[in-house]
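Enquirer: I'd like to ask some things about the structure below.
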Amino acid sequence: MARDTKRQPGANSDRRNLLKLLGVGATGALAGCLGDDDDGNGNGNGNGNGNGNGNGNGDDEDRDDDTLRVGVYGPLTGPVANIGEAKQAGWDVVADLVNEEGGVDGAEIELFYADSESEPGRGRSAVNRLVQDENIDILGGGYHSDVTLSVIELAHENDLPFIIDESVSGAINEAIIEQDMKTVFKTAPPSEAYGAAWGNLVEDFDEQEIGYFPFENKRIAMIAEDTSYGISVMDETAQQVEDAGWEVVSKDEVPLDETDFSPILSRIRSEEPDVVWAVQTNSAGTGALTEQFAEFDFGEAHFFHNFGLTAQEAIDRAGPAGDGAFTIVHPAAVPELLRELGWDEAWEEATDLSLSGFAATSMTNMGVIAEIVENAGGPEGLNDMSPEEWEQHVIDHEPIKGGIGYVDFEEDHQAAWGTPETIPSIGYQIVDGELNFVWPFELAEHEIDESFYG
């Protein structure tokens with residue numbers, strides 16, 4: 001449901017209510033298949049190069065309002081292709097659910113894929129092909145912040161509605177505001193949310209005397225991948241833990257694909273840190289760092305990891321060395337919400353992959369798109385909107401329940417974050433090679449297993 005009044009009464013209102021019962025306003029997925037194209041960018045016929053929002057140079061009369069053409073992009077190949085696979089499956093599951101129940105205001109979702117390959121230039125080129133050749137109505141997806149920073153410029157230039165799902169860097173929202181990007185909205189909490197979460201976690205662990213906590217000296221060593229995401233999260237986290245009374249003894253930047261951390265670990269071990277903290281997205285690198293941390297025997301020190309250890313590939317690479325480690329991620333799968341929406345069952349029926357935060361985020365992304373376009377009057381209503389009308393429509397929309405929380409876009413085009421009523425950061429402990437949801441304590445499904453700490 002939305003505050004917007006552009007919707008027509010009658011059957012469309014019934015459709016909206018049905019979609020909400022199905023959970024369409026919460027998560028999303030891909031409809032259709034990759035098709036036979038060599039570049040894997042879609043399965044549509046591509047007849048038309050523009051819409052009422054100005055993305056392309058075709059005529060409105062060429063558009064088919066029985067179809068909602070949704071472009072999505074992410075790292076479908078490259079160093080984090082496993083994450084792209086999970087995101088693609090997430091898009092698929094919910095879009096199929098929407099289509100099975102009548103579509104978006106009667107229009108079937110048709111998905112067109114772009115592979116960013118984790119490279120900004122390639123990501124922008126791939127998305128540009130969707131805009132110019134596939135005549136998409138709206139864009140979703142996103143992952144690496146550096147890629148998204150290039151794609152938002154493209155969306156802005158073409159007045160293309162864009163709901164970003166998983167790119168975190170606060171630089172994205174800064175660009176949206178500074179350049180007045182009326183059509184672009186960001187779902188994932190910014191880098192500062194990670195910092196706030198880690199600051200709260202160390203205070204909670206101190207208070208609850210978790211593991212080796214509390215520490216007398218409170219010394220932390222930090223490692224970050226050298227991307228805008230990694231560096232911004234490290235800087236924000238450093239500020240928050242310092243505010244909580246910790247001393248940051250070192251800050252190291254490493255290449256995205258680094259797998260040998262022996263020189264860094266050897267050096268920082270001499271600093272006698274109480275916590276070794278890292279932020280990475282590459283699963284191979286994450287698993288290697290976790291494994292090597294255990295090999296260097298840091299004694300009574302905790303290993304904290306931001307994001308990367310939520311990927312099963314990273315956990316598998318780490319092996320037994322990962323047990324007891326803590327990791328935080330946002331957006332993250334919230335089991336209670338996924339159960340309420342019925343998407344956990346739909347996921348299990350559709351794929352053998354684990355329902356990760358990456359999947360829950362892309363599911364939410366597609367569901368938010370379906371809900372917002374539904375309440376705009378379907379593809380026709382969407383394409384009749386000016387950028388200014390689209391902007392206000394999204395801001396005025398009521399919060400949408402998703403698999404990662406409740407998406408409520410604010411005046412700055414950022415979804416509200418940081419609480420159970422918005423989009424929370426979720427903390428996990430690795431136990432026997434699996435993720436146990438242990439923090440925030442009021443949301444947790446497991447208690448922390450302290451048997452790993454002597």
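The values are calculated or read from the model by the stated rules, or taken from the named source; none is laboratory data. Keep in mind the model is a prediction, meaning the values are calculated, not measured. Because the Cβ atoms are built from the backbone with ideal geometry, glycine has one as well, and the counts that use them run over all protein chains shown.
Enquirer: Looking at the stretch 199-218, can you tell me whether even one residue there is under 24 Å from the mean Cα position of the chain (by Cα), under 22 Å from Ile423 (Cα atoms) and among the aromatic types (Phe, Trp, Tyr)?
Expert: No: the stretch 199-218 contains no residue that is under 24 Å from the mean Cα position of the chain (by Cα), under 22 Å from Ile423 (Cα atoms) and among the aromatic types (Phe, Trp, Tyr).
Enquirer: While we're looking at this one, here's another question. Before we move on, is Phe303 at positive phi and either in the same structural domain as Glu445 (by TED's automatic domain parsing) or modelled with pLDDT of 95 or more (or both)?
Expert: no
Enquirer: Something else about it: Condition (residue is over 21 Å from Ala360 (Cα atoms) and not β-branched (Val, Ile, Thr)) applied to the stretch 420-431: is it met by at least one residue?
Expert: For the stretch 420-431, residues over 21 Å from Ala360 (Cα atoms) and not β-branched (Val, Ile, Thr): absent.
Enquirer: Same structure again: When you check Glu272 against the structure, is it closer than 22 Å to Val438 by Cα and assigned to a loop (DSSP other than H, G, I, E, B), yes or no?
Expert: So Glu272 fails the test.
Enquirer: Asp64: of a type outside the set (Phe, Trp, Tyr) and farther than 20 Å from Val151 by Cβ, yes or no?
Expert: yes
Enquirer: Right, another one. Could you list, in sequence order, all residues of the stretch 84-113 that are farther than 13 Å from Ala360 by Cβ, assigned to a helix (DSSP H, G or I) and aliphatic (A, V, I, L, M)?
Expert: Those that are farther than 13 Å from Ala360 by Cβ, assigned to a helix (DSSP H, G or I) and aliphatic (A, V, I, L, M): Ala95, Leu97, Val98.
Enquirer: How many residues are out of contact with any strand residue (DSSP E or B) (no Cβ under 7 Å at 6 or more places or on another chain) and closer than 19 Å to Phe162 by Cα when one looks only at the stretch 64-87?
Expert: Qualifying residue count, the stretch 64-87: 1.
Enquirer: Which residue is surrounded by the fewest Cβ atoms within 10 Å (Cβ to Cβ), if the candidates are limited to the stretch 309-337 and must be under 16 Å from His446 (Cβ atoms) and among the aliphatic types (A, V, I, L, M)?
Expert: Checked the stretch 309-337; the qualifying residue surrounded by the fewest Cβ atoms within 10 Å (Cβ to Cβ) is Ala325.
Enquirer: Here is a further query. For the structure I just gave you, tell me whether Val438 is farther than 30 Å from Asp297 by Cβ and at pLDDT 95 or above.
Expert: So Val438 fails the test.
Enquirer: What are the residues in the stretch 411-432 that are surrounded by fewer than 16 Cβ atoms within 10 Å (Cβ to Cβ), modelled with pLDDT of 95 or more and more than 24 Å from His393 (Cα to Cα), if any?
Expert: Asp432
Enquirer: Then there is this: Sort out for me the helices (runs of 4 or more DSSP H) sitting completely within the stretch 319-409 that have 3 or more residues that are within 13 Å of the chain's Cα centre (by Cα) and within 21 Å of Leu111 (Cα to Cα).
Expert: Qualifying helices (runs of 4 or more DSSP H): 357-374.
Enquirer: In the stretch 81-119, which residue that is β-branched (Val, Ile, Thr) and farther than 22 Å from Arg129 by Cα is surrounded by the most Cβ atoms within 10 Å (Cβ to Cβ)?
Expert: Of everything passing the filter in the stretch 81-119, Val94 is surrounded by the most Cβ atoms within 10 Å (Cβ to Cβ).
Enquirer: Restricting to the stretch 225-245, give me the number of residues that are surrounded by 19 or more Cβ atoms within 10 Å (Cβ to Cβ), of a type in the set (S, T, N, Q) and assigned to a helix (DSSP H, G or I).
Expert: Selection size over the stretch 225-245: 4.
Enquirer: Please verify whether Asp412 is of a type in the set (Asp, Glu) and within 18 Å of the chain's Cα centre (by Cα), treating the condition exactly as stated.
Expert: The answer is no for Asp412.
Enquirer: Is it true that some residue in the stretch 281-289 is touching a residue at least 24 places away in the same chain (Cβ under 8 Å), more than 22 Å from Ser191 (Cβ to Cβ), of a type outside the set (A, V, I, L, M, F, W, C) and buried (at least 22 other Cβ atoms within 10 Å of the Cβ)?
Expert: Yes, that holds for at least one residue.
Enquirer: Somewhere in the stretch 88-105, is a residue in the same structural domain as Asp64 (by TED's automatic domain parsing), closer than 21 Å to His330 by Cβ, touching a helix residue (DSSP H, G or I) at 6+ places or on another chain (Cβ under 9 Å) and modelled with pLDDT under 95?
Expert: no
Enquirer: Turning to a different aspect of this structure: Does the stretch 429-441 hold any residues that are in a loop (DSSP other than H, G, I, E, B) and either touching a Cys at 6+ places or on another chain (Cβ under 8 Å) or farther than 24 Å from Phe215 by Cβ (or both), and which are they?
Expert: Passing the criteria: Asp432, Gly433.
Enquirer: Also, quick follow-up: Looking only at the stretch 441-454, count how many residues are at pLDDT below 95 and of a type outside the set (Phe, Trp, Tyr).
Expert: 5
Enquirer: Check whether at least one residue in the stretch 210-224 is touching a Lys or Arg at 6+ places or on another chain (Cβ under 6 Å), modelled with pLDDT of 95 or more and either in a strand (DSSP E or B) or aliphatic (A, V, I, L, M) (or both), and report yes or no.
Expert: Among the residues of the stretch 210-224, at least one is touching a Lys or Arg at 6+ places or on another chain (Cβ under 6 Å), modelled with pLDDT of 95 or more and either in a strand (DSSP E or B) or aliphatic (A, V, I, L, M) (or both), which makes the answer yes.
Enquirer: Please state which one of Ala126, Ala193, Ala171 is of a type in the set (A, V, I, L, M) and either surrounded by fewer than 20 Cβ atoms within 10 Å (Cβ to Cβ) or more than 23 Å from Thr364 (Cα to Cα) (or both).
Expert: Checking each option against the conditions leaves just Ala171.
Enquirer: Something else now. Read through the list (1) charged (D, E, K, R); (2) at pLDDT 95 or above; (3) within 20 Å of Ile404 (Cα to Cα), then give the number of the only condition that Glu166 fails.
Expert: (2) is the only condition that Glu166 fails.
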